[in-house]
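Engineer: Got a structure for you, written out below as structure tokens; questions coming shortly.
The values are calculated or read from the model by the stated rules, or taken from the named source; none is laboratory data. Owing to the predicted nature of the structure, the values given are computational and were not obtained by experimental measurement. Glycine gets a Cβ as well: all are built from the backbone with ideal geometry, and neighbour counts include every protein chain shown. What goes into the accessible areas is simple: the full protein's heavy atoms, side chains included, and nothing from ligands, DNA or RNA. Shrake-Rupley method; radii C 1.70, N 1.55, O 1.52, S 1.80 Å.
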Amino acid sequence: MLNIDDPKDVERTPAIWRLGFRPFFLGGATLAALYIPLWLVTWYLPEFSLLREQFWVRVVPLWWHPHEMLFGFALAIVCGFLLTSVQTWTNQPSLKGRSLMFTFICWLLARLMLLSPFDIPLWLPALFDTLFLLLSAAKLWSCIYKVKQWRNIGFPIMLLFAALINLLSYYALSQLDFILSHQIWQGMLWWLGLVITIVGGRVIPFFTAVRIGQPKPEPIKLLDYSLIGVMLLLIVQGLLKFMPLEAEQILLATAALLHLGRWLRWYPHKTLKEPLLWSLHLAYVCLPLTLGALAWQIADESAYRHLLHLFAIGTMAGLCLSMISRVSLGHTSRNIYQGPKMSLAFVAIAMAAVFRALMPLWWPAHAELWLWLAGSCWSLGFGWFVICYGPILTRPRIDGRPG
């Protein structure tokens with residue numbers, strides 16, 4: 001990376017603004033750790049909440065919670081990862097310094113405006129949310145286009161799509177159209193599933209093979225392309241509901257079998273001694289488990305909504321936590337397998353998935369208890385990351401190089 005950074009410029013830049021993973025991983029994890037307890041307290045103990053009635057009049061809770069988990073938390077992690085990785089992929093400079101700071105401030109302002117007790121028009125947070133995603137997409141496009149690296153050109157296109165869907169979500173809120181909102185959340189969950197399908201399919205078998213000292217399983221192109229195809233169909237189905245339930249059930253079951261078959265090729269049984277590996281595999285396997293469970297419960301709308309959290313927490317959050325732990329070490333020149341102990345955090349996120357997605361189905365009489373337990377485990381997992389990795393993300397690389 002020395003060939004794409006001027007050391008004098010880097011030296012003057014605060015460490016937090018030297019590469020995309022730093023502010024977005026720290027910001028996304030902090031949001032995750034704080035927002036779930038805030039949501040639970042406001043919902044169940046409103047007399048103790050920092051958010052008063054005026055907030056819920058303007059930003060409806062059933063919209064705010066999924067929106068901020070998807071477009072606030074998850075998209076911050078995705079953009080932080082992509083803005084960091086694109087520099088490695090293309091050997092082109094990514095966002096840093098003032099441009100990175102401006103992009104992050106756009107993300108942060110959207111979050112703060114949605115929480116504001118003042119009567120801020122919705123178009124303002126929508127504007128900053130859109131700017132955050134468009135600036136990220138534009139930088140990805142620029143880096144990839146310059147070196148004609150077409151295999152990664154889908155990522156900026158996907159961010160552009162996410163920006164448009166996010167605008168649609170603000171429109172749904174302005175119209176109090178919660179049917180449309182629910183379809184947007186489902187579509188965006190499978191959008192994240194597509195990102196995980198592509199990125200996870202590249203990095204999980206590679207990281208595993210390197211660590212356990214075995215040859216990396218060669219990808220089966222037909223399997224990979226089939227998975228991308230079924231995940232794209234699930235996105236469209238989530239947004240438009242154009243298929244009958246029977247066809248969606250077949251699609252979900254097919255996706256589950258394809259993902260499970262793919263995962264089994266990656267030596268998951270040989271990763272049990274290494275937290276930064278088994279956490280990746282545990283998160284990924286929650287994807288086919290979710291898809292299979294959804295196919296089984298396709299006609300039960302309540303069960304379907306609960307089970308979506310098995311993916312949202314088990315796969316999305318679990319993979320985010322594992323990847324940001326790994327990337328934060330690697331890109332600050334630390335030994336990946338000698339970093340902070342994260343096993344408890346990884347287990348906590350897995351337990352949060354069980355408490356939120358499965359326990360309310362098995363013992364619905366104690367639904368509130370399961371939600372509090374899930375929220376506690378969730379905040380423990382991401383709070384531990386913030387405590388352990390905050391100093392790492394805000395200090396220069398230990399080898400003195402840029403990044």
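Engineer: Please give the contour-minus-distance gain from Leu112 to Arg401: 0.36 nm per residue of separation, less the Cα-Cα distance, rounded to one decimal in nm.
Structural biologist: The span from Leu112 to Arg401 would gain 100.7 nm if fully extended.
Engineer: So how do 308-317, 83-92, 58-67 stack up, highest first, on mean other-Cβ count within 10 Å? Mind dumping the intermediate values first?
Structural biologist: Values: 308-317: 24.9, 83-92: 20.0, 58-67: 18.2.
Per-residue mean Cβ counts within 10 Å order the peptides as 308-317, 83-92, 58-67.
Engineer: Within straight cross-link reach of Lys146, meaning Cα distance under 29 Å, which lysines are found once same-chain residues fewer than 8 apart are removed?
Structural biologist: In chain and number order, the partners are Lys8, Lys96, Lys221.
Engineer: Please compute the modelled spin-label separation between Arg334 and Ile179, points set 7 Å along Cα→Cβ, answer in nm with one decimal.
Structural biologist: Roughly 5.0 nm, to one decimal.
Engineer: Name the most mobile residue of Leu159, Leu131, Leu45, meaning the one with the largest mean-square fluctuation, in a Gaussian network model of the chain with Cα contacts below 10 Å.
Structural biologist: The residue with the greatest mean-square fluctuation here is Leu45.
Engineer: Counting Lys and Arg as +1 and Asp and Glu as -1, each charge on the Cβ, what is the dipole of the chain about the Cα centre in debye, to the nearest 20? Kindly include the intermediate steps, with their values, before the conclusion.
Structural biologist: Values: 30 positive and 19 negative charges, 323 e Å.
In debye, rounded to 20, the chain gives about 1560.
Engineer: For Arg265, enumerate residues with amide H under 5 Å from its amide H, sequence gap 5+ or separate chain, H modeled in the peptide plane.
Structural biologist: The answer is none.
Engineer: For the chain, what does -39500 (n - 2.57) per DSSP helix run (n ≥ 4), summed and divided by total residues, give at 222 nm, in deg cm²/dmol to the nearest 500?
Structural biologist: So the calculated ellipticity at 222 nm is -23500 deg cm²/dmol.
Engineer: Sorted by accessible area with a 1.4 angstrom probe, largest first, how do Phe55, Phe242 fall?
Structural biologist: If we order Phe55, Phe242 from most to least accessible, we get Phe242, Phe55.
Engineer: Tell me the label-point distance for the pair Ser142, Gln214, using the 7 Å Cα-to-Cβ offset, in nm and rounded to one decimal.
Structural biologist: That separation, rounded to one decimal, is 4.3 nm.
Engineer: So how much slack lies between Ala247 and Lys273, counting 0.36 nm per residue of separation and subtracting their Cα-Cα distance, in nm?
Structural biologist: 5.3 nm
Engineer: Measuring from the lowest to the highest alpha carbon on each principal axis, how far does the range 345-403 reach, largest first, in angstroms?
Structural biologist: Principal axes ranked by extent give 56, 13, 13 Å for the Cα atoms.
Engineer: For the chain, which whole percent of the accessible surface, found with a 1.4 angstrom probe, sits on carbon and sulfur atoms?
Structural biologist: Ligands and nucleic acids excluded, carbon and sulfur reach 69 percent.
Engineer: Would you please put 186-197, 358-369, 265-276 in order of how densely packed they are, using the mean number of other Cβ atoms within 10 angstrom per residue and starting with the highest? Present the calculation step by step, with values, prior to reporting the outcome.
Structural biologist: Values: 186-197: 23.0, 358-369: 13.5, 265-276: 16.3.
The densest-packed peptide leads the list: 186-197, 265-276, 358-369.
Engineer: Between Trp363 and Asp119, what is the spin-label point distance in nm, taking each point 7 Å from the Cα along the Cα→C-beta axis?
Structural biologist: My value for the distance between the label points is 4.7 nm.
Engineer: How long is the gain from Leu62 to Ile157 if the chain were fully straight, where each residue apart is worth 0.36 nm and the alpha carbon distance is subtracted?
Structural biologist: Working: separation 95, 0.36 × 95 = 34.20 nm, distance 2.84 nm.
Here the answer is 31.4 nm.
Engineer: Taking only the C-alpha atoms, wrap a convex hull around the chain and report its volume per residue in Å³ as a whole number.
Structural biologist: Values: hull volume 56.3 nm³, N = 403.
It comes to 140 Å³ per residue, whole-number rounded.
Engineer: Something else about it: Could you rank the peptides 12-24, 145-157, 328-340, 227-239 by their average count of other C-beta atoms within 10 Å per residue, with the highest value first?
Structural biologist: Per-residue mean Cβ counts within 10 Å order the peptides as 12-24, 227-239, 328-340, 145-157.
Engineer: Skip the ligands, DNA and RNA, and give the accessible area per residue of the range 126-211 with a 1.4 Å probe, whole Å².
Structural biologist: I get 40 Å² per residue for the range 126-211.
Engineer: How big is the range 135-263 along each principal axis, measuring the range of its Cα positions in Å and listing the largest first?
Structural biologist: Largest to smallest, the principal-axis extents are 55, 41, 23 Å.
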